[in-house]
1. Based on alpha-carbon atoms only, what is the radius of gyration of the range B:157-214 relative to the globular estimate 2.2 N^0.38 Å?
2. Tell me, what ³J(HN,Hα) does each residue in the range A:143-154 have, in order and in whole Hz, if you take phi through Karplus 6.51 cos²θ - 1.76 cosθ + 1.60 with θ = phi - 60° and put x for Gly and Pro?
3. Out of residues 5 or more away from A:Ile65 or on other chains, whose amide H comes under 5 Å of its own, with H placed 1.01 Å from N in the peptide plane?
4. Roughly how far apart, in whole Å, are the Cα centres of the range A:78-135 and the range B:205-249?
5. Each label point is 7 Å from the Cα along the Cα-to-Cβ direction; what then is the distance between the points at B:Leu46 and B:Ser161, in nm?
6. Taking springs between alpha-carbon atoms closer than 10 angstrom, which of A:Leu169, A:Leu38, A:Leu255 fluctuates most in the Gaussian network model of chain A?
7. Rounded to whole Å and ordered largest first, report the semi-axes of the equivalent ellipsoid of chain B derived from its Cα gyration tensor (root of 5λ).
8. With n ≥ 4 as the cut-off for DSSP H runs, can you work out [θ] at 222 nm for the protein assembly as shown, using -39500 (n - 2.57) per run divided by the number of residues, rounded to the nearest 500?
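Values in this text are rule-based calculations from the coordinates and carry no lab data. In this text, all values refer to a predicted model and were calculated from it rather than measured experimentally. Cβ placement follows ideal geometry from the backbone for every residue including glycine, while neighbour counts extend to all protein chains displayed.
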Amino acid sequence: MASVSGQAGRQPVARAATRGAGLAALLWRRPWLRAVGLLSAPLAWFVLIYLASLAVLLVTAFWRINPFTTDIERVWSLDNFKTLVESATYRRIALRTVGMSAAVTVTDALAAFPFAWYMARVASSRVRSALFVAVMLPLWASYLARVYAWLLIFANNGALNWAADRIGLPSLGIGYSNWAMWIVFSYIWLPFMIIPVYAALERIPDSYAEASADLGARGWWTARRVIIPLALPGVIAGSVFTFSLTLGDYVTPLLVGGAGSDFIGNVVYQSVGVANNIPFAAAFATVPVVIMALYLVLARRFGAFEAL
Amino acid sequence: MEGRATRVALRLWVALVLAFLFVPIVIIVLYAFNPSNIQSWPIPGLSLKWFALTWRNPEIRAALLLSVKAGLAATAIAMLLGSAAAFAVHRFRFFGREVVSFVVVLPLALPGIITGMALNAFFAFNGLNLSLWTIVIGHATFCIVIVYNNVLARLRRTAPSLVEASMDLGASGWQTFRYVTLPVISTALVSGGLLAFALSFDEVIVTTFTAGAQNTLPLWIFGAIRLGQQLPEVNVVVLVIIALTIVPVVIAQRLTRESGLIRRG
């Protein structure tokens, strides 16, 4: 914080400096004091609480609990990580979590792209802003409410089976399964994909498509060679959200997933709430952090952050 | 470049996606008026009877009160710290300026269990009992970025000449802040606060790790759904929550839109 220079602090008027001998004048003459004053509280919050928490999380992962008293013993070991790597169950859970995150991300990208295309390149400006609101509203309509809505829809006597019955199909027993989780996750995070893809598509000048057409490219060729590559950073940006949000979830697997549909988050949740084994929960929680760090590095390569 | 057939196909796709987005919400809203205590489709009629019963339920009232308290406290902290950080980043060039933007967004960018788990380990490490205040700390941590982004975006769109003009006309630093800067950012600040409240009011994942034995409204819903109990009340509460979170968001959007005066270009 050495080189603080006030943007507005050019040449202080001499009169102001002599007249105001109080705090205001001092702050005016020393812009870095103002900077420190403004930054100290938020910085303290993040360093002393949030970053400290992340550090404690990391450190706790290397501790263990006393199996009899369930008190945390501050003894360093890699046992928690060893358990994670060696246990087939935990490996399967980690793979399921990552696999589902990937499936949801691909689904949302495929569903969002034509939608965003229509918003950005076909719709009139009035329709466009209406669609924008329509995408944002569900995002703010309570996460739990939307998961619960699907629970009711998938129920035996719910709307899905009712609709299937209406059109003469047998009951679709997809409640409490990985299919149910896939649909619900794709549903909940879809707006997070639509918005960045739309933003990326909207930024592509029409003249690019015209130039491509002038050079003899058909519609599909232009889409494949011009528009889609230019919109890719937007898709990657959206995928950061859909992937990360699915990766860290445990509520949807708990509510709509069946038996044996645990995610990393569920193990963490149970380790804290039921087994009171915070060190093990902390160790497993580092897995999504590492995965997300790798994902972000990759996303950066594709220019996803310039697209946000 | 889009041909006629492509346009029709796109339109059809948009309609399908919209149906996918809104049918569940319509269904959940209708279930709140279900007179039966069995949740089946189609609902046998429309009734308001569960609204009164829900309102009289002491557990739900306690949860609502806790949610409102936590939301208000977290929002107040987020507004103070978020706008302070936004001012600092906007006005000053200092070492590590980019790091601030990165750290502030971390609690939202990292998966929710990480933030929740980290805070839980932190509270356990320091021997803090889980209470209203641990909930508030968790919520404030991820709400700060909302206010920060809103205020920073407004400051960036505001012409710096406004502040300079005020100073040239002899206003003190405080007067400039009170009569120029504050009115300029006020709607952004309020809309950031409303969004932060909406986010806090709806949060489950971090809250399960920071609430202990108490229930916020989303935690109560989560528990009831898991056990499959009190579902008629859940339907009503869910409808109320949807309404309570959508209203602040709509107001917030209105507030940020009406800022044509101070736009730079």
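1. Computed over Cα atoms of the range B:157-214, the ratio equals 1.82.
2. Once θ is set to phi - 60°, the couplings for the range A:143-154 become 4, 4, 4, 6, 5, 4, 4, 5, 4, 5, 5, 7 Hz.
3. Amide H neighbours of A:Ile65: A:Glu73.
4. Using only Cα atoms, the two centres lie 24 Å from each other.
5. 5.6 nm
6. A:Leu38
7. 39, 27, 19
8. The helix contribution divided over the protein assembly as shown gives -23000 deg cm²/dmol.
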